[in-house]
Amino acid sequence: RPICIDLKNTAIIDLYAGICYLYRQLRKNITDFTVDYMYKTEYLKNGCEKFNGTENDNVLFIIEKQLKDEKLWDKFVNVFLTKEDSEGNGWRGEYFGKMMRGACLAYKYLPDENLYSVLGKTVKKLLTYQDESGRITTYTPESEFNGWDMWCRKYVLVGCLYFYDICKDEKLKK
């Protein structure tokens, strides 16, 4: 019989527990399974919780010295224009999504309009690199689906989904 794990409205720990449960079931050689992967992580309201001491200092340092650095974000996004991952099957395309995810979580921790502005500009720039087929990738059409192409595309979506969660611009959301 199919195994269905409903991960809706769960916390990260429940997601981990669900994955562990699925793994245990797979180890029992159950081959017919389905995972309902429609989950939503619930966070506290933006800025309502703070760390103390070193942890807070580290977050502030990262926001100021890294996440607000527009030149760094340009480097993450420009690989989608140059398609430089095509040669050598690179994975530079993942960096945008991983950094955007972290930056959006940092924004939720400390809502900072300068940070939000940098993230918004970055997403808008990334969207201009979508090709005529609708692809946002660091691979050329001739080398797509090779190497780390799908991995990088996944992280484009991850980063954009995290930004969508903090996005205030209804036009951009559409």
Close pairs (9 angstrom Cβ cut-off, 6 or more residues apart or separate chains): under 18 Å from residue 96 (Cα atoms) and open to solvent by 80 Å² or more (accessible area, probe 1.4 Å) in region 118-146, of a type in the set (Asp, Glu) and part of a helix (DSSP H, G or I) anywhere = 121/70
Can you spot a residue in region 65-80 that is surrounded by fewer than 14 Cβ atoms within 10 Å (Cβ to Cβ) and either of a type in the set (S, T, N, Q) or within 15 Å of residue 149 (Cα to Cα) (or both)?
-> no
Matching entry among 120, 147, 159 (being more than 10 Å from residue 80 (Cβ to Cβ), modelled with pLDDT of 90 or more, out of contact with any helix residue (DSSP H, G or I) (no Cβ under 9 Å at 6 or more places or on another chain) and of a type outside the set (D, E, K, R)) | 147
Looking at 57, 85, which one is open to solvent by less than 40 Å² (accessible area, probe 1.4 Å) and either part of a helix (DSSP H, G or I) or over 16 Å from residue 164 (Cβ atoms) (or both)?
-> 85
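The values are calculated or read from the model by the stated rules, or taken from the named source; none is laboratory data. Values in this document were obtained by computation on a predicted structure and should not be read as measured data. In this analysis, Cβ positions are derived from the backbone assuming ideal geometry, glycine residues included, and neighbour counts consider all displayed protein chains. Heads up: the accessible areas ignore ligands, DNA and RNA and are worked out on the full protein's heavy atoms, side chains in. Shrake-Rupley method; radii C 1.70, N 1.55, O 1.52, S 1.80 Å.
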